[in-house]
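Here is the structure we will look at, set down as structure tokens.
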Amino acid sequence: LFGLLAKKKEASIVKVVKPIDNFTSENILRFIKKFSDFGNQVVECFTKGNCFWFAMVLAMEFAGEIYYDPIVGHFATMINGVMYDITGVIENTSDFVSLKEIRKDELLWARLQRDCVDLGVGMEYEV
């Protein structure tokens, strides 16, 4: 895309991905509930294989940081010092490691990209 059309598209993308400002934990939990209210299938979807993608949604929406628990194999999002996933607030966060730290372990990050990020569709993502 060139010229004004490219600038318009770029501006619209910025609007979509700009995180929410001035939110509370209650706002985050209401946002999560909009997904989990659809039932157990949605909760299972984001706790059994797609947790990375829900963590990404929360991170983008609320300017959070993605973390991974290598013991249970689960991604979640730290927002203002509180860890969230599709079930709400995560109480036991002692084993979670930031995605920044995970990326330093090339073998682990390669495995997580293959098994959790790519989901077997054969695409590479910039995360």
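The values are calculated or read from the model by the stated rules, or taken from the named source; none is laboratory data. It should be emphasised that the depicted structure is a prediction, and the values quoted were computed from it without experimental measurement. Using ideal geometry, Cβ is built from the backbone for each residue, glycine included, and neighbour counts are taken over all protein chains shown. Just so you know, the surface numbers come from the protein's heavy atoms only, side chains and all, with ligands and any DNA or RNA stripped out. Shrake-Rupley method; radii C 1.70, N 1.55, O 1.52, S 1.80 Å.
Could you tell me the convex hull volume per residue, in Å³, taken over the Cα atoms of segment 56-110?
Numbers: hull volume 4.7 nm³, N = 55.
Enclosed volume per residue, from the Cα hull, is 85 Å³.
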Query raised in the report: At a probe size of 1.4 Å, how large is the accessible area of SER36, to the nearest 10 Å²?
Result: 30 Å²
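Length gain on complete extension for the stretch ILE71 to PHE38, per 0.36 nm per residue less the alpha carbon to alpha carbon distance? Each step should come with its number before you reach the end.
Values: separation 33, 0.36 × 33 = 11.88 nm, distance 2.82 nm.
Result: 9.1 nm gained on full extension.
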Query - segment 21-127 - percent relative contact order, Cα under 8 Å, separation 6 or more - result: 22 percent
**Report entry** Enclosed volume per residue, in Å³, of the convex hull spanned by Cα atoms of segment 16-101
**Finding:** 96 Å³
Query raised in the report: So who's got an amide H within less than 5 Å of the one on MET83, skipping anything under 5 residues away but keeping other chains? H placed 1.01 Å off N, in plane.
Result: ILE90
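Going highest first, how would you order 77-85, 65-73, 41-49, 100-108 by mean Cβ packing within 10 Å? Write down the numbers at each step before the final one.
Values: 77-85: 18.3, 65-73: 16.7, 41-49: 14.3, 100-108: 11.7.
Result, highest mean Cβ count within 10 Å first: 77-85, 65-73, 41-49, 100-108.
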Query raised in the report: So between VAL89 and GLN113, what do we pick up on full extension, going 0.36 nm a residue minus the alpha carbon distance?
Result: 6.2 nm
**Report entry** Computed label-point distance, nm, for sites LEU29 and ILE102 using a 7 Å Cα→Cβ extension
**Finding:** 2.5 nm
